[in-house]
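The next block holds one structure in the form of structure tokens; read it before the comments.
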Amino acid sequence: MFMLGPIGFTAPLLLLALIALPILWLILRAIPPAPIRRRFPGVALLLGLTDDESQTDRTPWWLLLLRMLAAALIILGFAGPVLNPQVERDGTGPLLIVMDGTWADARDWPRRLDRVEGLLDEASRAGRTVAVIRLTDLPAGDLPFQAAESWSSRLNNLTPYPWEPDTDTVTAWAEALDGNFETFWMSDGLNRDHRDPVLSALEARGTVTVFESPRPVLALRPARFEDGVVKLTAIRAVPGVERAVTVTARGLDPSGVERALATAEMTFEADATEAELDLSLPPELRNRVTRFELTGIRSAGAVTLTDDALKRREVAMIAGTSDREGLELLSPLHYLRQALVPTADIIDGTLGDVLLANPDAIIFADVANVTETEQDALLDWLDQGGLLLRFAGPRLAASDVSRREEDPLMPIRLREGGRTVGGAMSWGEPKALQPFAEDSPFYGLGIPEEVAVTAQVMAQPGPELSERVIAALVDGTPLVTRKRIGDGQVILFHVTANAEWSSLPLSGLYVSMLERMAISTRPSNPTAEELQGTTWTPQEVLDGFGTARDAGTLPGVAGEDLAGGQLGPDLAPGLYAGEDRSIAVNVARDDTTLSPTSWPARIVVEGLALARETVLKGYALTFALMLLAVDMIASLFLSGRLRGPRGGIAAVLALFLLMPQGADAQDQDDALALSATSEVVLAHVVTGDGRLDDLAFAGLTGLSETLRRRTSIEPAEPLAVNLETDELAFFPFLYWPISEAQPIPSSDAYAKLNRYLRSGGMILFDTRDANVGRFGSGTPEGRKLQQLARPLDVPALEPIPSDHVLTRTFYLLQDFPGRYASRDVWVEAAPADAEQVEGMPFRNLNDGVTPVVIGGNDWASAWAVDRTGGAMFPVGRGYAGERQREIANRFGVNLIMHVLTGNYKSDQVHVPALLDRLGQ
Amino acid sequence: MSDASQSGLTQTGPRLRSRSEALAGTMPPLLADAERLASTVVLGAHGRRRSGMGDEFWQYRPMAHGDEARMIDWRRSAKSDVHFIKEKEWQAAQSVLIWVDDSQSMAFTGDKNRATKSDRARLLALAMSVLLVRGGERVGLSTIGQAPRSGPVQLVRIAEALTSDRDSGDYGVPQTTGLPFQSRAIFISDFMGDMAPVEAAMAKAADRGVRGAMLQVLDPMEESFPFDGRTIFESMGGSLRHETLKAGDLKTRYLDRLAERKGRLTALTQQAAWQFDTHHTDGSAQAALLWLYRATERMH
């Protein structure tokens, strides 16, 4: 194929015709524009006159250029230009396509697959066998070399994993390869330890070509909470240009729907690989955040899940004794406050107030009694997962709370008094703590030696005591007891919250115990030691694209793995839940950095861009045609035909040739809107049955005539309305005759109809079958009506009651005959609570115009008039028939009055006048 | 081009029935138009302003030598000593011969909303005929070939002749056959063709003591020459053609030639004591009719 830059030609020989262009130029220059023939009697006077100059016999240069260009384009077009023609890649033997398959691949995974597909196509054309593997999911055994087509069909099932390949495994695998094959390596662009050994192992088997996307790799480190703000750090592999990225905080809103709670922008400086953002969020919002993500980047690396580290507990503290001024260190809450202020939000106030704030935990420091109301409220709160932490103290010891029987707010019964050990007046040493039992929440915490207890309240022994003890002194007396109430729990420290009874509040153990009880927030990065011995179950895990999925039945993970283990099939990034807290494992850790790949110079690195073949022939020829059209106008102009007597027409025609059309529909719509809105217009639905449509039109014409003669309504000529194309909102009233053959309207038309009915329109359905069947019986029209009305938003119906407003909007009517006199006319049912007041002739139904009136009396036939104003169809016989027609007309008048005036006549104001008319 | 003239021109061959139908279709409008136009001209006293044979009283004059005795008006003479002779106003009808150019060049119109020159010319001719017939004159059409006659039937005959089509040349030649001595003539044409026949006709008319009026009917486009670009101009019949590369350049020279043509016509008419005027088809026909009427009045 002949190539000119990125454009190739399928028939390059045709380009030789371009040589002929200068000749064409000369020929065209010599031929003057064609003359116009004009009939003109004055020619007799012109005879013998000669032209002064022969200027226009040469075509102007720009017109020539235009024609040359058109000719050149035509030649080029037929020479078959192709943009980015596919150049075949040659090669033989087996082909290995290695994909990294990491989270960094995910950002442009579809493009990678496209590229792989392109490579597979080529391989299939060359008849090569192919193996496609991901380094994150190495095949067991030999390389699966198969026909390229079989890979093509499986390609879409390949997805990236949210972790990176394990260096040792991959290196070992690569070195174990044998046989000769060519390798295409789709790299994700990040440098890793395994790159070099794997590359050399692959090169030993054949040539290696690397495909790499130049798009930058971005990742988001876990969010930290420091100094009252959420700190976010984004990292990238390649510095260079300044770039702004948007971070979105996602979480559940109060109604439980996940949405973006906050967005902010962070900027990479030109030479920086890190960008930082301080996000200040209100605590309420912050506690809702479940994940941060870099907007627009679909990769697990761009997502960081948040765990309890971001959540600040709300803790309410209530002391039994009022603070004594000046004695800070003796305050029962002092040590608690010191321990909790850095990591929790503390709520102060009375018990009633703080319960309203629904805190995560309430701490009672030496509080003995609460009122019954407060107790009930506390129990409710506990049921819903509250944590009540009680500390003993002199007051509790002196009270009789939970002595005889267990207090609901105490985990155990207490013995009178309590005990003091190691004091001046007692025997024995102050007691130290026993190591925590395995089922204790404090299991694993080290016990400092200096912690000693000098006084405590004593638990009353009982059958349930042993299971409620979660910490005990060396002599076995319970120090901390716990009872579960609903989803919540009550925990009692048998010592004071201050250092009066023990040195516990002075030690670090105190803070750790508070943390374990999930009262205070833990540091964001638990160490392996901290998590020693715990097991964590995955709640949700991320896939390679950063989408969170329910973890399902994935097995639990040991705490030490969670803290420091490498991500892999056994430890997917996600949210892991322990006993009473959760830990997020993210793709990017706090210390993760990204570095770009550096391939040796001998390796060919190609981009992912898959240039598409674009055939330019059509464009070239279209453009040539446009030029010729311009040339036509220009020639007309030059020869004076745009200026002569008929020039206007020529110009308009020429413009029409060039201009797209389509102002018609708009005009038509406007015309309909104008004709429908400048006056009251009755309308009928086009059924597609020409005879029926004519009948409906004639009927509405007759009704309009009647209205004009008898009432102040003066309708214009009726209109036929096509449900599919016409706007309905202009019409107060639609007459819809039902025919068996009419098509079911489209869903758009139904949407329009429902909007029409809801916004106050009325449709009169007429099945025109009252002579053969009753309403609801299975006449063809009746069945068709049911079919038509099913998607309609029609309210409950009832046969028209004798006190319906339709009976008195203009005429007083009892019957509603059309051409047939059936009493089956149905309207919207009256509200259930409408009651007839004693002495009133009708109920007070003061609301709503019925959106539908359904009957089968063939009203249109009764109303119909021909062009001379005479009735078109006979109704009944003789005088009785004429009377029936009259009543039918009156029904029409009443109906339109009802449509236009609503329930005005239903107003009780008119009752006296109506009563008078009724002769009562 | 109006429907009337078109149907008239396109009727060829001896299909009598269709021709007569076309005639019936076109003649009444033309006649009606002409009568409506004629009615706008107020008929003043159309006497000859001299004594002669007639019904109207003209003057009493004393009897002069040579007057016959039977000419004496005794009633008037009895009031005085002199014999008076009662003279009547001379009311002998004039013969007016109208020539309407029916050549193809007259079928030109520059705008399809405008009547052709031929239409206007025929309308004026017939309206003039109506006026003259009402005034009791004898009117004839040179193309009929009969001597001028008076009476409404002559009007019908003229209308018929005007609406019938004839094969004619590109440019009209005045027809003077049957032009009575001392009669009046009206020539209506565009006078675009050769001037020699016109001059010959004028000379012949002058020889016969005929006076009259010459009305040149022109289309506005013939006056403005709004053409440009490479153009081939053809006469209506196609006998003459002229090709130019820049029609716009010819405008001034064309207008000069047109003015010269008008000048020649004016000079020609002045020599023969005729009247000459130019009428444009976009102007009002009534003005042209008034001018014609005045011109024929002045002929006496």
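A compact table of results
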quantity	calculated
Within segment B:205-252, considering residues that are at the interface with chain A (Cβ under 10 Å from one of its Cβ atoms) and of a type in the set (Asp, Glu), the one surrounded by the most Cβ atoms within 10 Å (Cβ to Cβ)	B:Asp219
Test: residue in segment B:255-272 that is at the interface with chain A (Cβ under 7 Å from one of its Cβ atoms), closer than 29 Å to A:Leu636 by Cα, hydrophobic (A, V, I, L, M, F, W, C) and more than 23 Å from the chain's Cα centre (by Cα)	no
Breaking point among (1) within 25 Å of B:Leu290 (Cα to Cα); (2) without any contact (Cβ under 8 Å) to a residue 60 or more places away in the chain; (3) surrounded by fewer than 20 Cβ atoms within 10 Å (Cβ to Cβ), for B:Arg138	(3)
B:Met202 within 11 Å of chain A (Cβ to nearest Cβ) and touching a residue at least 40 places away in the same chain (Cβ under 8 Å)	no
The lone exception for B:Ala185 - which of (1) more than 13 Å from chain A (Cβ to nearest Cβ); (2) surrounded by 22 or more Cβ atoms within 10 Å (Cβ to Cβ); (3) in contact with a Pro (Cβ under 8 Å, 6 or more places away or on another chain) it fails	(3)
Any hit, segment A:492-500, residues being surrounded by 20 or more Cβ atoms within 10 Å (Cβ to Cβ), in contact with a Lys or Arg (Cβ under 9 Å, 6 or more places away or on another chain) and within 28 Å of A:Ile347 (Cβ to Cβ)	yes
Residue ID - farthest from A:Asp114 (Cα to Cα), chosen from residues in segment A:201-255 that are in contact with a Lys or Arg (Cβ under 7 Å, 6 or more places away or on another chain), outside any strand (DSSP E or B) and without any contact (Cβ under 8 Å) to a residue 40 or more places away in the chain	A:Asp253
Filter result for A:Ala11 (more than 14 Å from every other protein chain (Cβ to nearest Cβ), at pLDDT 85 or above and under 52 Å from the mean Cα position of the chain (by Cα))	no
Qualifying positions in segment B:245-280 - under 21 Å from B:Lys204 (Cα atoms), in contact with a helix residue (DSSP H, G or I) (Cβ under 9 Å, 6 or more places away or on another chain) and not aliphatic (A, V, I, L, M)	B:Arg261, B:Arg264, B:Thr269, B:Gln271, B:Trp274, B:Gln275, B:Phe276, B:Asp277
Answer residue from segment B:281-300, given it is part of a helix (DSSP H, G or I) and touching a helix residue (DSSP H, G or I) at 6+ places or on another chain (Cβ under 8 Å) and is farthest from B:Met221 (Cα to Cα) among those	B:Thr296
Which listed residue is surrounded by 18 or more Cβ atoms within 10 Å (Cβ to Cβ), at pLDDT below 85 and within 14 Å of another protein chain (Cβ to nearest Cβ), from A:Gly42, A:Gly80	A:Gly42
Output for segment A:606-631, where each listed residue is at pLDDT below 85 and hydrophobic (A, V, I, L, M, F, W, C)	A:Leu608, A:Ala609, A:Leu610, A:Ala611, A:Val615, A:Leu616
Sole residue being under 55 Å from the mean Cα position of the chain (by Cα) and at pLDDT 85 or above, chosen from A:Pro831, A:Pro817, A:Pro874	A:Pro817
Residue in segment B:233-247 that is in contact with a Phe, Trp or Tyr (Cβ under 6 Å, 6 or more places away or on another chain), assigned by TED's automatic domain parsing to the domain that holds B:Met128, aliphatic (A, V, I, L, M) and more than 21 Å from B:Ala121 (Cα to Cα) present	yes
Out of B:Asp111, B:Asp81, B:Asp102, B:Asp55, sole residue that is under 30 Å from B:Arg138 (Cβ atoms), modelled with pLDDT of 75 or more and not polar (S, T, N, Q)	B:Asp102
Filter pass, A:Ala368 being hydrophobic (A, V, I, L, M, F, W, C) and under 30 Å from A:Glu226 (Cβ atoms)	no
Counted residues, segment A:262-308 - those being farther than 18 Å from A:Glu540 by Cβ and assigned to a strand (DSSP E or B)	14
Failed criterion for A:Thr207 (all others in (1) in contact with a Phe, Trp or Tyr (Cβ under 9 Å, 6 or more places away or on another chain); (2) surrounded by fewer than 18 Cβ atoms within 10 Å (Cβ to Cβ); (3) of a type in the set (S, T, N, Q) hold)	(1)
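Table: residues versus (1) at pLDDT 80 or above; (2) among the aromatic types (Phe, Trp, Tyr).
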| residue | (1), (2) |
| --- | --- |
| A:Leu788 | yes, no |
| A:Val805 | yes, no |
| A:Tyr811 | yes, yes |
| A:Val825 | yes, no |
| A:Gln836 | no, no |
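The values are calculated or read from the model by the stated rules, or taken from the named source; none is laboratory data. Fair warning: this is a prediction, and the values are worked out from it, not measured in the lab. Cβ: placed from backbone, ideal geometry, glycine included. Neighbour counts: every protein chain shown.
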